[in-house]
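Written below as structure tokens is the structure these notes are about.
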Amino acid sequence: MKYSKVWWKEAVIYQIYPRSFMDSNADGIGDLKGITSKIDYLKDLGVDIIWLSPHFKSPNVDNGYDISDYENILDEFGTMADFDEMLAALHQNGLKLIIDLVVNHTSDQHEWFKQASSSKENPYRDFYHWKEEIPNDWVSFFSGSAWAHDKSTNEYYLHLFDKKQPDLNWENQKLRHAIYAMMLFWLKKGINGFRMDVISLIAKDLDFPNFPLNRFGDLSYYANGPKVHEYLQEMNQEVLSKYDCMTVGEAFGVQAEQAVSYVSNDGKELNMIYHFDHAVPREESCFIAPKKEFSLVELKFIFNKWDKAIGTNGWNTVYFGNHDNPRMLSRFGDTGKYFQVSAKMLATVLLSLPGTPFMYQGDEIGMSNANFTEIAEYDDVQVFNAFEVLVNQQGNSSEVFLKASNQIARDHARTPMQWNKNKNAGFTTADKTWLKLNDNYTHVNVADQVEQPNSILNYYKKMIQLRKKHEVFIYGDYIDLRPNCNKIWLYKRCFEGENLLVMNNFTPTTQSFQFDFKINNRILLLTNLEEVEFLENQEFTLTPYESRIYLFQ
Ligand code: NOJ
């Protein structure tokens, strides 16, 4: 056995974006009680671990990724009693919970920052990065300089995200220990681990040099700072090693060759990371000229590269969507005629590639990008800041900006969950939802799909159960059989005499192909069609977006 068997390797993770999952108190905003009310749904779906996007007290400039109190709950989401109740109910139903750890930065409303900006002598001053003058040409992920002026002390502080999200100074030992104490607070409550927000960015080069030549604006330059591994090892020793918990780091700017240094089997840092190689590029300029979507060959290349780079020295993750990317169906599937079958095909790939899979809420019913018709319909600080710079200051066309945003904006993934075809998709009884609904909820919703045996939702359930039945889905080697083909993603998974053949047609046309090896005693485990044409030879034909999984010897 090449891998040790661990629960988080065998789990399917499901991300909940609380603001958009379920509203229990009719204010148009999802909340913790809303999540608790849907635990039966999650259990029935068959997922094992819930990743909850931030639920902490926050002025909500970046939807909770700007935390003002790590040990309290965002008012709109409820109370600590609601959190405890949700956690207990998840555990009673055999589900685990990981929470978001956002410690690259806080909100400017956090007590630490309020203290720090009150005077240069304040003991919390050094929890953040301060300079008398702007020291370099760094830019923020959310537009403009990464340095903001603080009026009260007349100095500049670093913010890699919005200016209301000042970056923490991890060099400060007191700060690090305050973070560890906060992590222990949540672990003592019984949470099962953390998803760590932009953890690759925490360690800054304290010389604060300019971007290197020819790399101006390359945000990945901020990643993998000098002491990142030292800090993660300390965090592991002080906190993580004391619990049977799991960690997954958001690894912006980490290259495949660097992955093992974060997730090595020696267990000194993190269990897993997730990379950005196939994420939608969203530098400021993309809001005028979005980059071309990845081709299937590029996508396969990225997955193959990460599979090889981590190998048996650590453990991989798989995702195609989250709250920071447009919907996976809109990116890689078909939202028209082949909507159902292509959503199921993507489910097949997501849940059969090697690595722990991360599902994102709503993908299990085939939710797709919404159609935002004006900038005011968006809610995202990234869109607003980019609009200010690109349109208001630089004079680019607002139509061009809107068109690009409709392709790349994060809000596509943040529209409310579509529970049924009633008013507001059953998400809230309020008159208005906090972000507009995707108007396809009348025909894309949970209630309908629960009833339809061949729905996308029921396909996900089948696929998840299949993973649980055959260890080869989890521990099997991965062999890409057609790395250079832009039409089908065809691979084998092999583990202790059990072999899988996974076939996925990524096109709206029929594809035929042959194998140069014998596929003995094949059994069709799963198909996304109602009927499959079965040929008794080595030749296969896949209709548009068809997927099949065979077990063979
Ligand atoms: C990554 C999070 O996923 C994203 O939503 C957030 O805006 C930034 N980090 C800043 O916390």
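Miscellaneous remarks
- Selection status of Val446, of a type in the set (Val, Ile, Thr) and closer than 14 Å to Ile365 by Cα: yes
- Scanning segment 51-81 for residues that are in a loop (DSSP other than H, G, I, E, B) and of a type in the set (D, E, K, R), we see that the one that is farthest from the ligand (Cβ to nearest atom) is Asp66.
- Near pairs, Cβ below 8 angstrom, 6+ apart or cross-chain, from segment 277-302 (assigned by TED's automatic domain parsing to the domain that holds Leu219 and closer than 23 Å to Val139 by Cβ) to any residue that is among the basic types (Lys, Arg) and crowded, with 17+ Cβ neighbours inside 10 Å: Val280/Arg331; Arg282/Arg410
- Per-region count, segment 520-547, residues at pLDDT below 90 and more than 14 Å from Ile488 (Cβ to Cβ): 12
- Qualifying residue in segment 232-247 (condition: within 16 Å of the ligand (Cβ to nearest atom) and out of contact with any His (no Cβ under 7 Å at 6 or more places or on another chain)): yes
- Each residue in segment 214-251 was checked for being out of contact with any Ser or Thr (no Cβ under 7 Å at 6 or more places or on another chain), crowded, with 19+ Cβ neighbours inside 10 Å and hydrophobic (A, V, I, L, M, F, W, C), and 6 pass.
- Matching residues in segment 373-393 - criterion: being more than 16 Å from the ligand (Cβ to nearest atom), surrounded by fewer than 19 Cβ atoms within 10 Å (Cβ to Cβ) and free of Cβ contacts under 8 Å to residues at least 40 places away in the same chain: Thr373, Glu374, Ile375, Ala376, Asn392, Gln393
- Contact map, segment 321-344: residues that are on the phi < 0 side of the Ramachandran plot and assigned by TED's automatic domain parsing to the domain that holds Leu296 paired with residues that are among the hydroxyl-bearing types (Ser, Thr, Tyr) and within 16 Å of the ligand (Cβ to nearest atom), Cβ distance under 8 Å, separation 6+ or inter-chain. Pairs shown: Gly321/Tyr360; Asn322/Tyr360; His323/Tyr17; His323/Ser53; His323/Tyr360; Met328/Tyr360.
- Residues being of a type in the set (A, V, I, L, M, F, W, C) and within 16 Å of the ligand (Cβ to nearest atom) - total across segment 113-157: 7
- Test: residue in segment 202-215 that is assigned to a helix (DSSP H, G or I) and in the same structural domain as Gln92 (by TED's automatic domain parsing): no
- Residue list for segment 133-187, restricted to those being hydrophobic (A, V, I, L, M, F, W, C), assigned to a loop (DSSP other than H, G, I, E, B) and within 21 Å of Val381 (Cβ to Cβ): Trp138, Phe141, Phe142, Ala146, Leu160, Phe161
- Residue tally, condition surrounded by 19 or more Cβ atoms within 10 Å (Cβ to Cβ) and more than 18 Å from Phe358 (Cβ to Cβ), over segment 1-23: 3
- Considering residues of segment 491-514 that are β-branched (Val, Ile, Thr) and surrounded by fewer than 22 Cβ atoms within 10 Å (Cβ to Cβ) only, the residue nearest to Asp480 (Cα to Cα): Thr507
- Total residues in segment 67-85 satisfying the condition of being touching a Phe, Trp or Tyr at 6+ places or on another chain (Cβ under 8 Å) and of a type in the set (Asp, Glu): the figure is 2.
- Scanning segment 483-527 for residues that are free of Cβ contacts under 8 Å to residues at least 24 places away in the same chain, of a type in the set (Lys, Arg) and either assigned to a loop (DSSP other than H, G, I, E, B) or farther than 21 Å from Trp306 by Cα (or both) yields a total of 1.
- Just one residue in the set Asp40, Asp108, Asp100 is within 16 Å of the ligand (Cβ to nearest atom) and not in a loop (DSSP other than H, G, I, E, B); that residue is Asp100.
- Leading residue by the ranking (surrounded by the most Cβ atoms within 10 Å (Cβ to Cβ)) among those in segment 143-181 that are over 25 Å from the mean Cα position of the chain (by Cα) and among the acidic types (Asp, Glu): Asp150
So that you can scan it fast, the table gives a plain yes or no per residue for (1) under 20 Å from the mean Cα position of the chain (by Cα); (2) under 19 Å from Lys9 (Cα atoms); (3) surrounded by 15 or more Cβ atoms within 10 Å (Cβ to Cβ); (4) of a type in the set (Phe, Trp, Tyr):
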{"site": "Ala259", "(1), (2), (3), (4)": "yes, yes, yes, no"}
{"site": "Met272", "(1), (2), (3), (4)": "yes, yes, yes, no"}
{"site": "Phe276", "(1), (2), (3), (4)": "yes, no, yes, yes"}
{"site": "Pro281", "(1), (2), (3), (4)": "yes, no, no, no"}
{"site": "Phe287", "(1), (2), (3), (4)": "no, no, yes, yes"}
{"site": "Gly314", "(1), (2), (3), (4)": "yes, yes, yes, no"}
{"site": "Val318", "(1), (2), (3), (4)": "yes, yes, yes, no"}
{"site": "Asn322", "(1), (2), (3), (4)": "yes, no, yes, no"}
{"site": "Asn325", "(1), (2), (3), (4)": "yes, no, yes, no"}
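- Count of segment 21-67 residues, restricted to those that are in contact (Cβ under 8 Å) with a residue 60 or more places away in the chain and among the acidic types (Asp, Glu), is 5.
- Consider segment 82-95 and keep the residues that are without any contact (Cβ under 8 Å) to a residue 60 or more places away in the chain and of a type in the set (D, E, K, R). The one that is farthest from the ligand (Cβ to nearest atom) is Glu85.
The values are calculated or read from the model by the stated rules, or taken from the named source; none is laboratory data. The shown structure was predicted, so the numbers you read here are calculated from the model rather than taken from an experiment. Cβ sites come from the backbone with ideal geometry, for glycine too, and all protein chains shown count toward neighbours.
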